[in-house]
Structures are given as structure tokens and as C-alpha cells.
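As C-alpha cells, the structure follows; a few thoughts come after it.
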Amino acid sequence: MPTLTDLPSELLLLVFALSHDIHDAVSFCRVNRRLHAIWLENADHISKAVLEESIPAYDDAVDLAKVEARYTTPTNELSSDPTTTELAPHLWLRLLVKYAELVSLADILLTRMERESPRIMEWPPFEILSFPPSYYMIRKIVLSYDHPELRPALNATLEQSSADRIMTHFNLINILCEWAEFEEQLPHGIPKRREDWTYEDAFDDYALLPPWDFAFSVLCFAKILREDPDNPEHRKNPLITPQEFGYLR
């Protein structure tokens, strides 16, 4: 008697795409080898069908997930096939789901700020609905602290970005790093543990981990350059060497 897994691959792919969530799709792929092979060959298509509506700026989120997976996964775990550069789906899907949760937390933070501190959200103008791509860009800059080979491409992206997009990047990281409560920062990996604070950190009442401090400096400098690119005083920022690396040192 024919079973579900005897269906043509095209119909099985549709079953995958109609999964209630990505966990159901992953469970379905584990039924047998044929379903697992279909999953491996079509993970991008399946995940987009299942997750696109629930993850803002889905394509940007996937790009970040794959970049982080490629640079943080041990080489021997990237692929069992030395002839391919494709990432195994489980390596980036877990990160994609994590980013969906973090963007949701950032949205809650921005909504709170808009309600409790509207002046901060009004100057400069900040559009909450446009922030998810900026969140993913910020996390790429954070990642580039330990992986400087990412910086040339990120610098090119910043140089090609509109002034409004640069401002959104800066406004978001400013809120995350300077206005969010310690407990709101923790899920994003922003603050130092309180036991690691220096005297200066305690005096400022907040302390960023070096990758986030780096990203904050980069986007602050990017904003300054975009606002007044011809002012030589702006080239004296000690944290950045724009002659060598543009926005990213």
C-alpha cells in the first residue's frame, strides 16, 4: 500500500513548504533518507516558504545567518563533501531562528522607548518598521570584529548606503547600546558581565563587549562622515583609520 513518502518529489516538496513551522519541516526530513535528501537539496526554498512571513527582512536575515555560520563553524563541520561550498541547513537555520527571536526583542525595546521616551525616538527621526535590515547589518559589523576579512565588503555596503539607512543603523545601535536596560541587552550579547566591569565601566554605568563597542564606533563614524564628509576634524577619530579601511578599521 503506497505511503506518503511514495509521492513524487514535487508533492513532497509541497508538504515540506506547508509545514506549520521549521521544526515540523526538520522532523519530516528525518523520516527516511529520501526525505532527508529532498530537504538538503531544497532547504533554502523550504525555509523561505515556512519562515518568510514570520521573519522581517527575511533575505537579509538568511544572509547574516549563512555568513555567521560560515565564519563561526569549525572547518571540519562545514561539509562532509569537500567539493561543495554549500552550508548544511542545520548550521544556518538555528541562527536564522535565533535572529527572528532577537529582532522580536528589539521591536519590543523600540516600542517601549517610543512609549516611555518619545523624544529619543523623534530626534533624529527613527522609523521602527525599517529597523530589521539595520539590525542584521549591525550584527555583521559585530561579527567583523573577530573576522576582519568581512570588513571590505561591509565597508563597500556602508559607502553605498543612503544617508537615511546610515542614520537608521546608528539610531538602532545607539538605542541598543546606550538606552536599553542591562537585561534587555543580554539576549543580544551586548554588555559585559557585571563582574568583568572596570572602574571606568562602573562610572559610566554600562559596559559594552568589544565587538559591540567596535560596531558602535564604526556606525558613529559613518554617520559623522555622511553628515559632513569634508570636515578634516572628522578624520581624527582615534578608533578608525578611514584612509586604510574606510568606515571599518
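Structure summary
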item: Residue check, Ile46 modelled with pLDDT under 85, outside the structural domain of Leu154 (by TED's automatic domain parsing) and crowded, with 16+ Cβ neighbours inside 10 Å; result: no
item: Residue ID - farthest from Lys140 (Cα to Cα), chosen from residues in the stretch 29-75 that are among the hydroxyl-bearing types (Ser, Thr, Tyr) and outside any helix (DSSP H, G or I); result: Ser54
item: Answer from Ile128, Ile120 - the residue that is at pLDDT below 90 and under 18 Å from the mean Cα position of the chain (by Cα); result: Ile128
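A quick yes/no check of all residues on (1) touching a residue at least 24 places away in the same chain (Cβ under 8 Å); (2) within 19 Å of Pro132 (Cα to Cα); (3) in contact with a helix residue (DSSP H, G or I) (Cβ under 6 Å, 6 or more places away or on another chain); (4) crowded, with 20+ Cβ neighbours inside 10 Å:
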position: Asp164; (1), (2), (3), (4): no, yes, no, no
position: Met167; (1), (2), (3), (4): yes, yes, no, yes
position: Ile173; (1), (2), (3), (4): yes, yes, yes, yes
position: Leu176; (1), (2), (3), (4): yes, yes, no, yes
position: Ala180; (1), (2), (3), (4): yes, yes, yes, yes
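The values are calculated or read from the model by the stated rules, or taken from the named source; none is laboratory data. All of these numbers come straight from a predicted model, not from anything done at the bench. Note that we place each Cβ from the backbone using ideal geometry, even for glycine, and neighbour counts take in every protein chain shown.
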